[in-house]
1. As a quick test, which of the pairs K39/K118; K98/K132; K81/K118; K95/K115; K24/K95; K81/K115 have an alpha carbon distance above 24 angstrom in this structure?
2. Helix-only mean residue ellipticity at 222 nm, the chain, DSSP H runs n ≥ 4 weighted -39,500 (n - 2.57), per residue, nearest 500. What is it?
3. Can you list the GluC sites (Glu not before Pro) in the stretch 1-101 that are in a DSSP coil and have 13 or fewer other beta carbons within 10 angstrom?
4. Checking the cross-link filter: which aspartates and glutamates have an alpha carbon closer than 18 Å to that of K88, excluding same-chain neighbours under 8 positions apart?
5. Among (i) 2, 10, 18, 23, 19, 12, 8, 5, 3, 1, 0; (ii) 2, 12, 22, 23, 18, 12, 7, 3, 0; (iii) 2, 6, 7, 7, 7, 6, 6, 5, 4, 4, 6, 8, 8, 7, 6, 4, 3, 2, 1, 0, 0, only one was calculated for this model; which label is it, if the read-out is P(r) over Cα pairs in 5 Å bins from 0, in percent?
6. For the stretch 21-103, which chymotrypsin sites (Phe, Trp or Tyr not before Pro) are in a loop by DSSP, counting at most 11 other Cβ atoms within 10 Å?
7. On a straight-distance basis, which aspartates and glutamates could pair with K10 in a cross-link, Cα separation under 17 angstrom, same-chain partners fewer than 8 positions away excluded?
8. Along the positive direction of the dipole of the chain (beta-carbon charges: Lys, Arg +1; Asp, Glu -1; about the Cα centre), which of L75, Y9, S91 reaches farthest?
Amino acid sequence: MNKTVYEDYKYCMQDTGNLYLGAKYTINEIAENEDILFKFRKVCVESLKNGSDGDDSLETILYYMQPEDFRVQVLKQMRAKVRVNIIKEKSFFGKKKKEYVTEFMSIPDLVSMTKDEKESVGLVIQELRVNKLALLTV
């Protein structure tokens, strides 16, 4: 029997100002991946791994973070943003239609939402965007 590996949303991209990471990466995979910036890998192992298992994905860590968590302060220092899908209701000619909309959400906005609010808007975390210049200050 072949084991299939889920590789969607496991990517690392960078441009001149930002680092983009897919949300399905686990902390252990980030630590082992040489394509990801060394500084970010070090921050993940030292700071983001606190309070969670190394096999937790970025998606679960970001989804269940609490406002008083130390990881929130680290991500705010890196000026991180999260790309999410949420369900928004739009009306076309009097007909209401629900559709998924992709947008970037700041860490304080994401953490301020309760679990029930996240479930009600159908929040799905896609990627983490980190500012490279701010990463140097951590």
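1. Those over the limit are K39/K118; K98/K132; K95/K115; K24/K95.
2. Helix contribution divided over all residues of the chain: -7000 deg cm²/dmol.
3. Passing both the DSSP loop test and the Cβ count: E7, E34, E68.
4. Partners within reach: E99, E103, D109, D116, E117, E119.
5. This structure yields the entry labelled (i).
6. Counting only loop positions with at most 11 other Cβ atoms within 10 Å, the chymotrypsin sites (Phe, Trp or Tyr not before Pro) in the stretch 21-103 are F93.
7. E29, E32, E34, D35, D55, D56, E59, E127
8. Looking along the dipole axis, the top candidate is S91.
Readers should treat all values here as calculations from the given coordinates under stated rules, not as data from a laboratory. Because the structure is predicted, anything quoted here is derived from the model rather than measured. Note: ideal-geometry Cβ built from the backbone for every residue, glycine included; neighbour counts use all protein chains shown.
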